[in-house]
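Here is the structure we will look at, set down as structure tokens.
The values are calculated or read from the model by the stated rules, or taken from the named source; none is laboratory data. Since we're looking at a predicted model, the values are computed, not measured. A quick note on method: Cβ atoms are made from the backbone with ideal geometry, for glycine too, and the neighbour counts reach across all protein chains shown. When the accessible area is computed, the model is the full protein with side chains, heavy atoms only, and any ligands, DNA or RNA have been set aside. Shrake-Rupley method; radii C 1.70, N 1.55, O 1.52, S 1.80 Å.
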Amino acid sequence: MNIFRYFEERVEAAFGSLVSEGVLPAGLDLTRVAVEPPRDPSHGDLSTNAAMVLAKPAGAKPRELAEQIAARLSSEASVTEVSVAGPGFINLRLAPSFWQARVPDILRAAVSYGASDLGAESAVNVEYVSANPTGPMHVGHVRGAVFGDALANLLEKVGYKVCREYYINDAGGQIEVLARSALLRYREALGEDIGAIPEGLYPGDYLKPVGQALAAEHGRSLLEMNEADALRVARETAVAAMMELIRGDLAVLGIAHDVFFSELSLHKSGAVEKTLKKLEDKGLIYIGTLEPPKGEVPDDWEARPQTLFRSTQFGDDTDRALKKSDGSWTYFAPDIAYHLDKFERGYRTMIDVWGADHSGYIKRMRAAIEGVTGGEAEFDVKVCQMVRLFRNGEPVRMSKRAGDFVTLRDVVDEVGKDVVRFMMLTRKNDAPLDFDFAKVMEQSRDNPVFYVQYAHARIHSVLRNAAETGAYDLSDSALANADLSRLTDEAEMSLVRLMASFPRQVEQAAQAHEPHRIAFYLDDLAAAFHALWNKGKDEPSLRFIQANDPDATLARLALIRAAAYVIAAGLGILGVEPIEEMR
């Protein structure tokens, strides 16, 4: 149950009654009406802006309209107090029984708590990772991978039909370098002394198995081929091997994509030409010469007549080149074709997760998608800033030289998948993130992943202790029927109120495309639980198990079992396994 949505419906019902009584005109737009927690908790449990946003179209004074709405809301059985504040905000205070009744809601839903039909099965394409298939994944890929996967989980939680997609950049200069590097390792596998790896080729040892595979399959025949054919064979083998390596790296993080889409397939199928023809038919392509841009000159600028896309027509800073001077396409052209392909596969909502070094590409891509789809597609880009690695407070030095960078597997092998996933979501995606190998393993309040997991493990420790007594039926159905009116302490009620806000938190995070909000929420929920635990240490009457009071015990066990479900539900969105026992 989303209590905020429920009370929005109650506010709308109050408006309906005012309309039927002739107090207000019919047909008012209620989409801006919101029910939220008040900024100051002392004002109540809920607050609505209904009178503030509807007074003008209703031809009424905000405070007078608020008084009329408040009078009708006061008749709600779950409302104990209604007040009008300031120019017309309406604050509600709810009965303890209303909050206590949310505990059985959670117990019945279990880890499905927070799920909704907000997305109504609408198709959403989330493209993330899309690392060049030229080697193993390094730590720079980790944040975008985790963010994209958690975002996909979040959207699925609220009812969207999500496609997790990886765009394979298997065309262009880097793949040419990969093929030449693989051929060098092929010659090495045949027994040739290749010496030092030439500048400009990939020197990593991870290409040795590729060379060995080429030698095993083709013997010395590649040496006898013309270079173009040999490079084609090497390219296909190397890309396939790198993608297998990348899939394995992602699996270590618990990530599996639904679709791997090849850039090369766009070129082979003629999709790029078809897309450009579509834009040309719309009058969005022309031959022209761009003015040199101010400041740093981009790679795709040339002082000559070019095939240009009218990007400025859709809010970009300049029109964009689609062809290079040698007649080949710029990166922009196949990217337009790729997103049109997504659109034609039925995805009206597309979300791309990019690294910070691509942020300057957003305006042109947004313009292209608006142009090629006629404005029918919703396109969002989430930029993930860099991760700075530390060890005991000291920066971990890396370079692009082979063997001198930290791979994804290095990080996961050292601290574990769940620690990596949680920590990558402890900052908003567009803020830099520091990852200290030592600190993420600390068992302290300063380590959010420990703090949340410790709350979950503590709850299960209490439940095990209760089970060992043999005195209680600890099934969810039995706990849901406990006398929850025994939950009266403010620390208990604070925990209930926070848990009841989870469905709203999930929906808001999904609408904003911000899974880090769930990590933040879990930290708050863990803090509320630990506060209750610590209060029980100081006040024995508040401990979860009361040997002489089975009703209070069952109510509190129901409360903490519900808290464990909410923690597990939140961790599930992040792709993290909840721990039942700390090691």
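Can you tell me which of TYR167, TYR206, TYR160, TYR202 is under 26 Å from PHE390 (Cα atoms) and touching a helix residue (DSSP H, G or I) at 6+ places or on another chain (Cβ under 9 Å)?
After applying the criteria, what remains is TYR206.
Any idea which residue in the stretch 32-46 is farthest from GLY88 (Cα to Cα), counting only those that are surrounded by 20 or more Cβ atoms within 10 Å (Cβ to Cβ) and under 31 Å from the mean Cα position of the chain (by Cα)? This residue is ASP45.
Counting only helices (runs of 4 or more DSSP H) that sit completely within the stretch 223-307, those holding 2 or more residues that are among the basic types (Lys, Arg) and under 16 Å from ILE336 (Cβ atoms) correspond to 271-281.
Name every residue in the stretch 503-554 that is among the β-branched types (Val, Ile, Thr) and either under 25 Å from the mean Cα position of the chain (by Cα) or in a helix (DSSP H, G or I) (or both), in order of residue number. Hits for the stretch 503-554 are VAL506, ILE518, THR553.
Yes/no per residue for (1) open to solvent by 10 Å² or more (accessible area, probe 1.4 Å); (2) among the hydrophobic types (A, V, I, L, M, F, W, C):
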| position | (1), (2) |
| --- | --- |
| GLY144 | yes, no |
| LEU151 | no, yes |
| GLU156 | yes, no |
| VAL162 | yes, yes |
| ILE168 | yes, yes |
| ALA171 | yes, yes |
| GLN174 | yes, no |
| LEU184 | yes, yes |
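Within the stretch 47-87, being closer than 13 Å to VAL33 by Cβ and either β-branched (Val, Ile, Thr) or surrounded by fewer than 16 Cβ atoms within 10 Å (Cβ to Cβ) (or both) holds for THR48, VAL53, PRO57, ILE69. Restricting HIS460, HIS513, HIS456 to residues that are open to solvent by less than 10 Å² (accessible area, probe 1.4 Å) and not hydrophobic (A, V, I, L, M, F, W, C) narrows the list to HIS456.
Confirm whether VAL126 is touching a helix residue (DSSP H, G or I) at 6+ places or on another chain (Cβ under 7 Å), in a helix (DSSP H, G or I) and more than 30 Å from GLY27 (Cα to Cα). Criteria not met by VAL126. The residue pairs whose first member lies in the stretch 527-552 and is open to solvent by 70 Å² or more (accessible area, probe 1.4 Å), whose second member is modelled with pLDDT under 95, and whose beta carbons are closer than 6 Å, counting only pairs six or more residues apart or on different chains, are ARG543/GLY536. If you check VAL23, VAL11, VAL53 for being hydrophobic (A, V, I, L, M, F, W, C) and free of Cβ contacts under 8 Å to residues at least 40 places away in the same chain, only one passes: VAL53.
So that you can scan it fast, the table gives a plain yes or no per residue for (1) open to solvent by 50 Å² or more (accessible area, probe 1.4 Å); (2) touching a residue at least 12 places away in the same chain (Cβ under 8 Å); (3) touching a strand residue (DSSP E or B) at 6+ places or on another chain (Cβ under 6 Å):
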{"position": "ALA179", "(1), (2), (3)": "no, yes, no"}
{"position": "ILE194", "(1), (2), (3)": "no, no, no"}
{"position": "GLY200", "(1), (2), (3)": "yes, yes, no"}
{"position": "LYS208", "(1), (2), (3)": "yes, yes, no"}
{"position": "LEU245", "(1), (2), (3)": "yes, yes, no"}
{"position": "ILE255", "(1), (2), (3)": "no, yes, no"}
{"position": "LEU266", "(1), (2), (3)": "no, yes, no"}
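Take the stretch 450-466 and flag every residue that is without any contact (Cβ under 8 Å) to a residue 40 or more places away in the chain and either within 19 Å of LEU574 (Cα to Cα) or of a type in the set (Asp, Glu) (or both). Even if it seems obvious, please write down each step before you answer.
Step one: list which residues in the stretch 450-466 are without any contact (Cβ under 8 Å) to a residue 40 or more places away in the chain, which gives 450, 464.
Within the stretch 450-466, PHE450 is the sole residue that qualifies.
Does THR80 satisfy the criteria of being outside any strand (DSSP E or B) and either of a type outside the set (D, E, K, R) or under 24 Å from SER501 (Cα atoms) (or both)? No, not satisfied. Pairs are defined by a Cβ separation below 9 Å, a sequence spacing of at least 6 or placement on different chains, a first member in the stretch 411-433 that is open to solvent by 70 Å² or more (accessible area, probe 1.4 Å), and a second member that is assigned to a helix (DSSP H, G or I) and of a type in the set (D, E, K, R); the pairs so defined are LYS428/ARG517. Residues that are assigned to a helix (DSSP H, G or I), closer than 21 Å to LYS277 by Cα and hydroxyl-bearing (Ser, Thr, Tyr) are absent from the stretch 350-363 altogether.
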